[in-house]
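K.L.:
What follows is a single structure, and I will ask about it in a moment.
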Amino acid sequence: MIDLSTSYMGLKLKNPLVIASCGLTTALQGVQNCANAGAGAIILKSLFEEQINADVSALKRASSDFMHTEALEYLEGYGHACGPHEYLALIRDAKQEVDIPIIASVNCITAERWSDYAAQLAKAGADALEINVGFLPNTPGFTSAVVEERYESILKTVKSRVDIPVSLKIGPYFSSFSLMAQRLGKGPQAADALVLFNRFYRLDIDLDKLNIIAGNPYSTQDEIHTSLRWILLLSGKIDADLAATTGIHDGQDVAKQLLAGAAVTQLCSTIYQNGFLQIRTILDELKEWMDAQNFNSLDEFRGMLSQTRSSDPESYERLQYIKGLTGYE
Ligand SMILES: Cc1cc2nc3c(=O)[nH]c(=O)nc-3n(C[C@H](O)[C@H](O)[C@H](O)COP(=O)(O)O)c2cc1C
């Protein structure tokens, strides 16, 4: 009998397949569809810090000096669908209707006013809170030290406001990611989990209309490698759990991330593309692979290929690099 159960940030999950924060989890019906298809846990669609800091009509009044009108219109539309009050109701409803962990999500760039709202998320019944730091330092005014401190400050402030576990969803764009992961994932102020990696929105250009458009919102399977590398390198070295995301599309991808050392995997593009039943298919594929490898539980192989478990950790990555190039000259 194959057991897929796992623990994530101290929460008990029946399997490591977590639905990533996305439009599929904006409303109760989507949450139920994910749960019915067998998901281990669900991250709700993110609320934006700006939505929490001011209700949408107040935002409108302040728009001239606060944000671009076009951006405001989008946020307003989003706000009608699910503002801060509706979000608390969604958490309560989801907790009542499904029996898997429900994780709230906030997309923020600072830790200032919104962090008091974090306590309300916990009170509404969220099992944990994921913070998506959507901060892209796109002017030279930000030194790397300032950027890094911002992440630490957001984490510290939110952790001081809630008792539920807090995960940090971040991108790989740091001068020294290894150091950053230690700073965010080790010690008494550590995140309960690091979610690696956020897939930042992509910009594209429409050559006919000569305007800026959104790039492809969905990942491809080939995008798994950045996350896979860092989970292999970090597993066993920090206190925080590691959640893998981006480019995980099938059961084999889930198996790879678990072998690297991930506690759980988060995905959504493949569900958008193949429907909710893809959740069941992925779980079946994972079980099939475990069966073929004679593994009965995730702990038997989790982190098996990580750097810490390697017989030669010193030359671990260099060796893979050289091996990878051989034969392509
Ligand atoms: C349509 C769409 C909406 C998303 N919205 C959010 C969001 O609100 N908050 C968030 O943290 N991530 C959001 N994401 C990113 C996903 O949570 C996930 O990290 C990313 O898509 C990579 O996983 P994937 O390769 O399975 O797509 C969104 C992704 C998609 C495709």
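The values are calculated or read from the model by the stated rules, or taken from the named source; none is laboratory data. All figures in this text were calculated on a predicted structure; none of them were measured in a lab. Glycine also receives a Cβ, built like all others from the backbone with ideal geometry; neighbour counts cover every protein chain displayed. Ligands, DNA and RNA are excluded from the accessible area calculation, which covers all protein heavy atoms including side chains. Shrake-Rupley method; radii C 1.70, N 1.55, O 1.52, S 1.80 Å.
K.L.:
Working carefully through the options 18, 31, find the one that is open to solvent by less than 10 Å² (accessible area, probe 1.4 Å), modelled with pLDDT of 95 or more and part of a helix (DSSP H, G or I).
P.N.:
That would be 31, the only listed residue that is open to solvent by less than 10 Å² (accessible area, probe 1.4 Å), modelled with pLDDT of 95 or more and part of a helix (DSSP H, G or I).
K.L.:
Moving to a separate point now. Would you mention how many residues in the range 163-187 are farther than 16 Å from residue 142 by Cβ and either crowded, with 18+ Cβ neighbours inside 10 Å or within 16 Å of the ligand (Cβ to nearest atom) (or both)?
P.N.:
12
K.L.:
Moving on. Residue check: is residue 247 in a loop (DSSP other than H, G, I, E, B) and either closer than 30 Å to residue 324 by Cβ or in contact (Cβ under 8 Å) with a residue 60 or more places away in the chain (or both)?
P.N.:
yes
K.L.:
What is the one condition in (1) closer than 30 Å to residue 176 by Cβ; (2) under 19 Å from the mean Cα position of the chain (by Cα) that residue 251 does not satisfy?
P.N.:
(1)
K.L.:
Only residues that are within 13 Å of the ligand (Cβ to nearest atom), touching a residue at least 60 places away in the same chain (Cβ under 8 Å) and not β-branched (Val, Ile, Thr): list them for the range 194-239, please.
P.N.:
Within the range 194-239, 198, 200 meet the criteria.
K.L.:
Checking residue 147 against (1) in a loop (DSSP other than H, G, I, E, B); (2) in contact with a Pro (Cβ under 6 Å, 6 or more places away or on another chain): exactly one of these is not met. Which one?
P.N.:
Unmet for residue 147, out of (1) in a loop (DSSP other than H, G, I, E, B); (2) in contact with a Pro (Cβ under 6 Å, 6 or more places away or on another chain): (1).
K.L.:
At pLDDT 60 or above, over 21 Å from the mean Cα position of the chain (by Cα) and more than 22 Å from residue 162 (Cα to Cα): is that true of residue 73 in this structure?
P.N.:
no
K.L.:
Here's something else I'd like to know. Can you spot a residue in the range 145-162 that is of a type in the set (Asp, Glu) and within 15 Å of the ligand (Cβ to nearest atom)?
P.N.:
There is no residue in the range 145-162 that is of a type in the set (Asp, Glu) and within 15 Å of the ligand (Cβ to nearest atom).
K.L.:
How many residues are in contact with a helix residue (DSSP H, G or I) (Cβ under 9 Å, 6 or more places away or on another chain) and either within 16 Å of the ligand (Cβ to nearest atom) or in contact (Cβ under 8 Å) with a residue 12 or more places away in the chain (or both) when one looks only at the range 129-144?
P.N.:
Count: 5.
K.L.:
Moving on to the next point. For the structure I just gave you, tell me whether residue 210 is more than 22 Å from residue 45 (Cβ to Cβ), among the hydrophobic types (A, V, I, L, M, F, W, C) and open to solvent by 30 Å² or more (accessible area, probe 1.4 Å).
P.N.:
In short, yes.
K.L.:
Which condition does residue 111 not pass, out of (1) under 20 Å from the mean Cα position of the chain (by Cα); (2) among the aliphatic types (A, V, I, L, M); (3) at pLDDT 90 or above, if it passes all the others?
P.N.:
Residue 111 satisfies all of (1) under 20 Å from the mean Cα position of the chain (by Cα); (2) among the aliphatic types (A, V, I, L, M); (3) at pLDDT 90 or above except (3).
K.L.:
Next up: Could you figure out which of (1) within 16 Å of the ligand (Cβ to nearest atom); (2) under 18 Å from residue 7 (Cα atoms); (3) in contact with a Phe, Trp or Tyr (Cβ under 6 Å, 6 or more places away or on another chain) isn't true of residue 262?
P.N.:
Just one mismatch for residue 262, condition (3).
K.L.:
Could I ask something else about it? If you take the residues of the range 279-293 that are open to solvent by 30 Å² or more (accessible area, probe 1.4 Å) and touching a residue at least 24 places away in the same chain (Cβ under 8 Å), which of them is farthest from the ligand (Cβ to nearest atom)?
P.N.:
In this case the residue turns out to be 291.
K.L.:
Further question on the same structure: Taking the stated definitions as given, is residue 92 in contact with a helix residue (DSSP H, G or I) (Cβ under 8 Å, 6 or more places away or on another chain) and open to solvent by 30 Å² or more (accessible area, probe 1.4 Å)?
P.N.:
The answer is no for residue 92.
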